Structures are given as structure tokens and as C-alpha cells.
Amino acid sequence: MTGIDSQNLPISKDGLIRRGFGLKDAIADELDELYVSDIVQRIRDNDYQWEVNGLRFRLAREFGFCYGVDKAIDLSFETRRRFPDRRLFLTNEIIHNPRVNHRLLEMGYQFLQGQYAAGNELDSIRPEDVVVLPAFGIEQRLLARLRQIGCILVDTTCGSVVHVWKRVERYAREGFTSIIHGKWRHEETVATCSHVTQHPGAHYLVVFDKAETERVCDVIRTGRVSEQLARDFVSAASPGFRFDQHLSRIGVANQTTMLSSESLEIAEMVRQAMIDRHGAAYAAENFRSFDTICNATQERQDAIKEMMRQPPDLMLVIGGFNSSNTGHLCELTAPHCPTYHVDDVQRLISPTAIEHKPPMAHDLVVTHDWLPPRRPLEIGLTAGASTPNRVIGEIIERILSWSS
Ligand code: SF4
């Protein structure tokens with residue numbers, strides 16, 4: 001790396017920077033101004049509720065920024081301060097929140113992939129550039145290429161994601177195929193899969209839900225593989241994956257932000273299918289499962305389940321539309337009360353119109369008369385792990401501005 005020794009950087013043995021540069025105090029005011037909300041803090045201090053003008057706001061007891069997101073944001077802001085004159089790149093979105101990513105764009109970060117990329121090619125990276133790796137981690141191949149270039153690499157990968165990598169690598173070393181409950185396109189799962197395939201001969205298969213798992217279980221039970229099945233899973237399986245060969249020893253893991261109850265059910269479905277085919281003794285030897293949902297996801301889901309014991313009149317779930325953990329929070333609230341997933345305050349167009357993403361849907365819709373005029377009215381609020389409290393606070397303020 002260019003001039004790296006003289007710069008006294010906190011570089012790990014593997015050449016990546018994972019610790020801050022001692023600039024936490026220097027960025028504290030900026031982060032507070034951008035992401036902290038006094039109104040949210042007041043509600044939290046008031047036992048997570050606040051009543052005003054007949055409106056009762058109720059906050060889930062766990063919501064918003066998680067430890068991994070905090071670290072990723074801190075490190076990316078510190079990196080800007082530490083390298084004011086260098087070109088800064090992000091391999092993709094640092095986390096799934098539009099406001100945070102836009103801010104990084106404003107700070108001069110250039111994105112190499114994803115919706116914020118503006119045609120920046122990997123080949124344009126030079127050794128003196130600084131490249132930040134997002135909280136989801138990156139593919140091994142991309143990491144190898146960046147190492148080859150010799151640029152400064154700042155790694156914000158969350159420790160909980162690294163935990164999943166270690167799990168699937170262990171499966172791979174021991175000759176188990178990894179079945180990963182996740183979204184095969186999601187950055188985290190793409191990175192996880194690359195940790196499997198770095199082991200020669202190791203394989204993975206990504207299943208999104210119970211319906212997909214049932215199709216895989218059918219193969220395990222019967223040994224019958226249709227061409228259609230192989231086609232449907234082609235993007236979700238490792239290169240060279242054979243349904244008829246690579247499902248005899250299986251280890252289950254999951255993307256950190258999936259619905260935990262579903263992940264547990266999926267592991268049990270696979271285990272049961274192996275027992276049906278080969279018997280309990282074989283399954284005990286050749287099936288492994290490890291719940292790799294992260295604590296932050298689990299706590300936010302548990303808090304929502306608790307809240308839904310007494311559902312509010314409506315629920316606002318706040319977070320990026322591509323945020324997996326936010327989407328799952330919506331799935332948990334939607335059976336209990338009208339649920340509106342919004343990513344930022346401007347989606348609340350007026351008391352009679354809201355633009356939002358319905359649970360499990362791909363496209364945004366506008367719903368009219370979403371905010372009933374009756375009082376009292378209880379509005380529940382939660383936010384995904386990548387949502388700044390400032391966004392929640394602005395949403396509360398907008399609703400209040402209509403009711404004064
Ligand atoms: S949601 Fe979980 S895995 Fe993702 S950054 Fe937060 S703590 Fe880490």
C-alpha cells in the first residue's frame with residue numbers, strides 16, 4: 001500500500017483496517033446532527049410512549065441502529081476525516097438506508113456497485129485510493145482483486161456476518177453442503193456463498209422460504225430431480241451443484257437478518273427430510289444446523305412480537321426498501337394491524353396519502369385515507385437496524401404537524 005507504513009494506520013495482520021482512527025470525538029457532533037433525534041429519545045425515556053392531541057405514539061422496545069451499523073457508519077465517517085485528500089470508494093451501499101448512503105455520496109464517496117454506482121470501474125482504482133467494505137461484507141473474489149491493486153482497505157463488515165462465514169466455512173471443510181436461508185442476491189449472502197466456494201469441491205444452495213425448502217426436501221426424500229427444479233435454483237446454487245449428489249451431508253445456516261422463526265422451521269424441515277430418507281442415526285451424523293440470525297435482528301423481532309400482543313391502530317415500519325430486516329418486521333406486524341413500510345419522511349405525503357411498500361411486495365403503492373381522523377388513535381413505530389432515529393423523529397413531527 002502506498003505510504004502505508006508512514007501513515008501509522010491501524011492495519012490488521014491480513015492487511016485490512018477494521019478499527020477506527022481515533023477520530024470518534026471529531027465526528028460525534030456531525031453524527032448527532034444527522035442521525036440522533038431528541039423526540040425519539042424523549043419517547044424512549046417515557047417508557048416508549050407519548051400522547052399528544054389524542055395521538056398516542058408507541059415505540060417498539062428495540063428498534064433502529066444496531067451495533068454493526070453503528071460501527072460501519074463511524075468507520076466510514078472517520079475514514080473521510082483521516083483521508084481528506086484521497087479518493088474514497090465504497091464497494092456497494094454501506095448499509096441499506098437511503099439517507100445514510102446519500103450522505104456518503106455528499107462526502108465524496110464513490111460507489112462501485114449498486115444503485116448509487118455511477119459507472120466507476122474497479123479498474124480505475126489506484127493503490128493510493130481508499131476503499132471501504134460495507135457492513136454486509138464483500139465477495140472473496142472482489143477482495144482478492146482489491147488486495148492485488150494494493151489500495152487501502154477499510155473493512156466495516158459486521159462481526160455477526162463474519163460469524164456466518166465461519167460457520168459455512170466449517171461446513172465446507174467438513175464436507176457438508178451449506179443450505180443458506182437467505183436471499184441469493186443480497187450482498188451479505190453473496191459474500192457468504194463466496195466463503196463456501198473458496199473451498200475446492202464445496203457447495204451451497206440458498207433457499208428463500210419454506211416453499212422453496214419444501215422443494216429441496218422433496219429431492220432429499222425421493223432422490224427425484226426435475227429439470228425445472230435445477231433451472232429454478234440455478235442462480236441460488238454453487239457452480240456445478242448437483243441435486244442428486246450434493247444433498248447427502250447438509251449444514252444449515254442463515255442470512256443474519258431473516259425471520260428467525262422461519263429459519264428454525266427451515267432447519268427442522270431439512271433435518272426431518274434427511275431422517276425420512278436415511279433414518280435418524282444417519283441424520284445425526286450428516287445434518288448440522290446453527291442459527292446465525294444476529295442478536296440485533298432477533299431483539300427487534302422479539303420486541304415487535306411483544307408489541308403485537310396489543311396491536312396499535314396502525315403501524316409505521318421505517319427502513320430502506322431493500323432492507324431485509326425491515327421487511328421481516330413488516331411481515332410480523334401486518335397480520336395484526338394496517339402496516340405501512342416507508343423509508344423516509346417524504347413518503348408521508350399527507351394525512352390522506354402515504355407511499356409505501358406493502359409486506360412481501362416489490363413495488364411501492366399509494367394508499368389513501370391511511371391516517372384515521374378518529375381520536376384517540378394509537379400509532380405504533382419501529383425501524384430496521386439501518387434506520388437513523390432522526391428519520392423516526394421527523395415522521396412523528398410530520399404527523400403532529402397535521403393534528404395541531
Ligand atoms: S443487522 Fe445484524 S448482521 Fe446486520 S449489521 Fe446489524 S448486527 Fe450486524
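The values are calculated or read from the model by the stated rules, or taken from the named source; none is laboratory data. It should be emphasised that the depicted structure is a prediction, and the values quoted were computed from it without experimental measurement. Counting neighbours? That spans all protein chains shown, and the Cβs are built from the backbone with ideal geometry, glycine included. Accessible surface areas use protein heavy atoms only, side chains included; no ligands, DNA or RNA. Shrake-Rupley method; radii C 1.70, N 1.55, O 1.52, S 1.80 Å.
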For this session: Arrange the peptides 196-207, 365-376, 292-303 so that the one whose residues have, on average, the most other Cβ atoms within 10 Å appears first.
Result: 292-303, 196-207, 365-376
For this session: Would you mind getting the Kirkwood hydrodynamic radius of region 286-367 from its Cα pairs, rounded to one decimal in Å?
Result: 13.8
Problem set entry | Sequence-distant residues sharing a close amide H with T292 (under 5 Å, placed H) | N254
Exercise. Looking only at region 316-333, which residues have a backbone nitrogen under 11 Å from a spot 7 Å from the Cα of R185 in the C-beta direction?
Worked result: 322
Seminar exercise, completed: Of all DSSP beta bridges having both residues in the chain, the percent classed as antiparallel (nearest 5) is 25
Seminar exercise, completed: Restricted to region 160-293, the DSSP antiparallel beta bridge percent, nearest 5, is 10
Exercise. Which loop GluC sites (Glu not before Pro) in region 16-51, with loop taken from DSSP, have no more than 14 other Cβ atoms within 10 angstrom of their Cβ?
Worked result: none
Seminar exercise, completed: A 1.4 Å probe over the protein heavy atoms gives region 75-176 a carbon and sulfur accessible-area percentage of 45
For this session: Compute the accessible area per residue over region 1-107, keeping the other protein chains in place, probe 1.4 Å, unit Å².
Result: 50
Exercise. For the chain, what are the per-bin percents of Cα-Cα distances with bins 10 Å wide, up to the bin holding the maximum?
Worked result: 5, 21, 27, 24, 16, 6, 0
Exercise. Under a 5 Å amide H to amide H cut-off, with H placed in plane at 1.01 Å, what residues pair with H341 once short-range neighbours are removed?
Worked result: V317, K357
Exercise. Given only helices, namely DSSP H runs of n ≥ 4 each adding -39500 (n - 2.57), what is the per-residue ellipticity at 222 nm of the chain, to the nearest 500 deg cm²/dmol?
Worked result: -12500 deg cm²/dmol
Seminar exercise, completed: Taking 0.36 nm per residue of separation between Q49 and F290 and subtracting their Cα-Cα distance, the length gained on full extension comes to 83.1 nm
For this session: On the full set of protein chains, 1.4 Å probe, figure out the accessible area of K305 and give it in Å² to the nearest 10.
Result: 90
Exercise. Karplus couplings for region 203-212 from phi (6.51 cos²θ - 1.76 cosθ + 1.60, θ = phi - 60°), rounded to Hz, Gly and Pro as x?
Worked result: 9, 9, 9, 9, 10, 8, 8, 5, 4, 5
Seminar exercise, completed: Expressed in nanometres to one decimal, the distance between label points 7 Å along Cα→Cβ at Q346 and S235 is 2.8
Problem set entry | Per-residue SASA entry for T339, accessible area with 1.4 Å probe, Å² rounded to 10 | 20
Exercise. So how far apart, in nm, are the two label points at K166 and D85 if each is 7 Å from Cα heading toward Cβ?
Worked result: 4.0
Exercise. How big is the accessible area of S124 in square angstrom, nearest 10, if you roll a 1.4 angstrom probe over the protein chains?
Worked result: 50
Seminar exercise, completed: Heavy-atom accessible area of region 259-404 with neighbours in place, 1.4 angstrom probe: carbon+sulfur share in percent works out to 50
Exercise. At q = 0.11, 0.21 Å⁻¹, what base-10 log of I(q)/I(0) does the Debye formula yield for region 160-293 when every alpha carbon is treated as an equal point scatterer in vacuo?
Worked result: -0.32, -1.31
Problem set entry | Placed amide H near V207: partners under 5 Å, 5+ positions off or other chain | I180, H181, G182
Problem set entry | For region 272-282, Karplus couplings with θ = phi - 60° (6.51, -1.76, 1.60), whole Hz, Gly/Pro x | 5, 5, 5, 5, 4, 7, 10, x, 5, 5, 5
Seminar exercise, completed: Pseudo-spin-label distance R147 to T367, built 7 Å along Cα→Cβ, given in nm, is 4.8
